[in-house]
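Student: Let me begin by handing over the structure; questions about it come next.
The values are calculated or read from the model by the stated rules, or taken from the named source; none is laboratory data. No experiment lies behind these values; they were computed from the predicted model shown. A quick note on method: Cβ atoms are made from the backbone with ideal geometry, for glycine too, and the neighbour counts reach across all protein chains shown.
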Amino acid sequence: MLSLILTLVSTGYASGYYYPDLGVTSLSRGGANVAGVNDLTALWYNPAALTRIRALQIDLDVTGVHQAASFLRASETGVDAEGQSVVTNYEKVENTAPVFPVPAVGIAHNFGLDDFTFALGFYTPLAPPIHTFDEAGAQRYNLVSNQMIQASYGPAVGWSVNDWLSVGLGVTGSILSVKQDMDVHMFIPELAGFEIAQFGDPAGDVGFAIEAKDNFLLSANAGVLIEPKDSFWALGFSIRPPVQYEAQGTIVADFSNHYLYAPNDPAKKIIMDESADSDMTLTVNMPLIIKSGLLVRPAENLEIEASFVWEGWSSNEALVVEGVEFLVDTSIQPVEVVTDVELPAGFQDAWSVRLGGTYTLNDTLSLSGGGLYEVSAVPSSSLGLGQIDMDKFGYGLGVSWALSKQVELNASFGQLFFQTAEVSDSEVEAVMVNAISGEVTEDGAIVGNGVYTSDVLLGGLGLSWAFGQ
């Protein structure tokens, strides 16, 4: 039973990637917004740029995110009961989760101080937090559904050191919430004299679900903005240190649909419909993130930024599970597992390049556009629907409309296109458990080979109120 728990947790956290970060304006520039950010998304991109806000300002963004993801599991050749070769073909499965709204809100004020701007905000990176696939699909041994929400909130301050240099510091509290469902296959040896459910037969499946939360994690980020007065260029840097979440939660195993479940039949092995561990801890490391950007203004009404982002996902070498205590009641004897475990995660460092800008048509209207390319944080051998991430490129477009001298409306639209992955070296295995001994077979069936495709749609609206500017 222990290995059942471990395999579930090993895919219980979303893969190591973000999309073009956050914010409607930044999306419209393809995420190239480290040196040029001039709204409250500076809380995430570069807190030094808060010094561009010189009076009371309130920003509200909502971005809808939807990931179209599909998996066609590779055909497999086996042998039937009569020794004949049999080829099994699988149907493609697709994500059916709806569009998910991602909010960001912030307020800033200089309180009459010439050199300081203070801000407070709530924001979350753009990434599809929900995936839902066919409960009976060929992918169910890797993922049925998942939900991952990460959000940050807190204050920041930007300081204009002199006419060309600003620095900024933000302190954040962060939240992580993880939910995931998948199936494992529980079989019984032929010598036991029971009818055998072959691998892939839903009658041999046990549903496993995990829910874990870390309601508060203290972190910070810092930034620098170099922008000489009346210059045509600006240079921005920011850094967010690595952090470690320790999510407390519950794992539940549902035996009620398994062919061995029969609480009133002593000849059967499983006599409880579910078993739960309500006091486990999932430890997840988030990476060091470094951002840099160079902004140029070749004309008074045009600015262009090139930026580079590096994310140290390789620091997430393992997922640590502590406090695992599982009890499974059977017709033979109760089985209890008490242990701590460490699992390899297999992530690798990722980087991206972005190019974008804004063209001001007049006092009322401006247009933005940009694109990006990002390498994957997940090697092909670890690729699965629980952590689907391939090399990708994308674009963003946007428009800003000044409704008045104080109120601006922003709208943006973007797409991301993932490189199609044809995986033949997968190490993603189904969990296959001996129901008599509780042991896991040494070599589980590989369920990660096949063709993965994905693309993402993003669209958002934002309002900015600037009082007295």
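Student: Quick test of your reading of the structure: D114 fulfils all but one of (1) in contact with an Asp or Glu (Cβ under 6 Å, 6 or more places away or on another chain); (2) part of a loop (DSSP other than H, G, I, E, B); (3) closer than 30 Å to L225 by Cα. Name the failing condition by number.
Tutor: With (1) in contact with an Asp or Glu (Cβ under 6 Å, 6 or more places away or on another chain); (2) part of a loop (DSSP other than H, G, I, E, B); (3) closer than 30 Å to L225 by Cα applied to D114, the lone miss is (1).
Student: So, one more: Can we say I289 is more than 20 Å from Q150 (Cβ to Cβ), in contact with a Pro (Cβ under 9 Å, 6 or more places away or on another chain), of a type outside the set (D, E, K, R) and modelled with pLDDT of 70 or more?
Tutor: No: the conditions fail for I289.
Student: How about segment 382-406: which of its residues are free of Cβ contacts under 8 Å to residues at least 60 places away in the same chain and either in contact with a Ser or Thr (Cβ under 7 Å, 6 or more places away or on another chain) or of a type in the set (D, E) (or both)?
Tutor: Those that are free of Cβ contacts under 8 Å to residues at least 60 places away in the same chain and either in contact with a Ser or Thr (Cβ under 7 Å, 6 or more places away or on another chain) or of a type in the set (D, E) (or both): D391, W401, A402.
Student: Would you confirm whether any residue within segment 90-103 is within 19 Å of A42 (Cα to Cα), of a type outside the set (G, A, S), in contact (Cβ under 8 Å) with a residue 60 or more places away in the chain and touching a helix residue (DSSP H, G or I) at 6+ places or on another chain (Cβ under 6 Å)?
Tutor: No, the conditions are met nowhere in segment 90-103.
Student: Let me ask another. Being among the polar types (S, T, N, Q) and either buried (at least 16 other Cβ atoms within 10 Å of the Cβ) or within 18 Å of G23 (Cβ to Cβ) (or both) is the filter here, so list the residues in segment 131-170 that pass it.
Tutor: T132, Q139, N142, S145, N146, Q147, Q150, S152, S160, S166
Student: Out of curiosity, is G78 outside any loop (DSSP other than H, G, I, E, B) and without any contact (Cβ under 8 Å) to a residue 60 or more places away in the chain?
Tutor: Here the answer is yes, as G78 does meet what is asked.
Student: Only one residue in G30, G106 is closer than 22 Å to V171 by Cα, modelled with pLDDT of 90 or more and surrounded by 24 or more Cβ atoms within 10 Å (Cβ to Cβ), so which one is that?
Tutor: Matching residue, one of G30, G106: G106.
Student: Further question: Could you check segment 118-130 and list, in sequence order, the residues that are at pLDDT 85 or above and surrounded by 18 or more Cβ atoms within 10 Å (Cβ to Cβ)?
Tutor: A119, G121, Y123, listed by residue number.
Student: Taking only segment 252-274 into account, find how many residues are of a type in the set (G, A, S), at pLDDT below 80 and in contact with a Phe, Trp or Tyr (Cβ under 9 Å, 6 or more places away or on another chain).
Tutor: Qualifying residue count for the region: 1.
Student: For segment 210-305, please list each of the strands (runs of 3 or more DSSP E) lying entirely inside it that holds at least 2 residues being touching a residue at least 60 places away in the same chain (Cβ under 8 Å) and within 30 Å of L361 (Cα to Cα).
Tutor: So the answer is 233-240, 289-299.
Student: Quick check on this structure: which one of D59, D39 is of a type in the set (D, E, K, R), surrounded by 24 or more Cβ atoms within 10 Å (Cβ to Cβ) and assigned to a strand (DSSP E or B)?
Tutor: Sole residue among the options that is of a type in the set (D, E, K, R), surrounded by 24 or more Cβ atoms within 10 Å (Cβ to Cβ) and assigned to a strand (DSSP E or B): D59.
Student: Consider E374 carefully, then state whether it is modelled with pLDDT of 95 or more and either closer than 30 Å to E303 by Cβ or not small (G, A, S) (or both).
Tutor: So E374 does not fit the description; no.
Student: Inspect segment 333-351 for any residue being closer than 22 Å to P379 by Cβ, modelled with pLDDT of 65 or more and either charged (D, E, K, R) or over 19 Å from the mean Cα position of the chain (by Cα) (or both) and give the result as yes or no.
Tutor: yes
Student: Report whether or not I107 is among the β-branched types (V, I, T) and touching a Gly at 6+ places or on another chain (Cβ under 9 Å).
Tutor: yes
Student: Is it the case, given these coordinates, that V423 is at pLDDT 90 or above, closer than 23 Å to N146 by Cα and buried (at least 17 other Cβ atoms within 10 Å of the Cβ)?
Tutor: Answer is yes for this residue.
Student: Further question on the same structure: Out of everything in segment 389-435 that is in contact with a Leu (Cβ under 9 Å, 6 or more places away or on another chain) and not in a strand (DSSP E or B), what residue ends up being farthest from L463 (Cα to Cα)?
Tutor: Per the stated criteria, the residue is A435.
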